[in-house]
Amino acid sequence: EDQDYGLGPWLHDQNLRQTKGSLDKAKHDLLVEIGYEFADTSLTLIIKLNNLWNKQYQSLVEYKNEYGDTNVPCRWEENPSLAKWVRTQREKIRINKVSEDRLRRLREIDFHLIGGTKGAWEQRFQELANYKEKHGECHIPLRFECSTAL
């Protein structure tokens with residue numbers, strides 16, 4: 001059961017057993033009693049990352065319910081982490097790094113890549129019109145990224 005292969009590997013094994021639920025409770029309690037804090041294993045980290053993704057996805061659903069679309073402004077002060085998450089999802093979709101399940105869920109709420117959506121030209125034209133109304137001109141810098149309060 002317990003092999004003598006060094007303290008580091010042994011402790012890593014205890015973490016894995018804890019994650020799998022196969023660590024004897026008495027052994028677990030002894031480790032905790034001396035102050036050992038179980039580390040996040042890769043499985044625990046995956047669970048945490050999935051929970052974070054689901055939380056942000058739910059925030060995006062709430063955003064859509066309130067605003068009617070999933071076009072979160074890239075510097076949205078009300079929820080900057082959601083704005084960053086949306087940018088990250090778009091980039092991951094562009095480079096094919098989104099699971100089929102997540103892509104399906106994003107499509108269910110009409111999540112689109114900017115520039116790849118139906119009506120994207122019209123959307124950008126309206127953003128330009130709004131920019132001109134606010135600034136009195138249409139000279140947009142090449143690196144102008146946001147469609148926030150133009």
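When residues in the range 101-115 are screened for being in a loop (DSSP other than H, G, I, E, B) and either farther than 18 Å from residue 55 by Cα or open to solvent by 50 Å² or more (accessible area, probe 1.4 Å) (or both), 5 of them pass.
The residue that is modelled with the lowest pLDDT, among those in the range 73-86 that are farther than 20 Å from residue 102 by Cβ and open to solvent by 50 Å² or more (accessible area, probe 1.4 Å), is 75. Screening the range 1-72 for helices (runs of 4 or more DSSP H) wholly inside it with 3 or more residues that are modelled with pLDDT of 90 or more returns the ranges 25-33, 42-67. Among the criteria (1) in a loop (DSSP other than H, G, I, E, B); (2) in contact (Cβ under 8 Å) with a residue 40 or more places away in the chain, the one residue 98 does not fulfil is (2).
The values are calculated or read from the model by the stated rules, or taken from the named source; none is laboratory data. Keep in mind the model is a prediction, meaning the values are calculated, not measured. Backbone-built Cβ (ideal geometry, glycine too); neighbour counts: all protein chains shown. Surface areas here come from the heavy atoms of the whole protein model, side chains and all, with no ligands, DNA or RNA. Shrake-Rupley method; radii C 1.70, N 1.55, O 1.52, S 1.80 Å.
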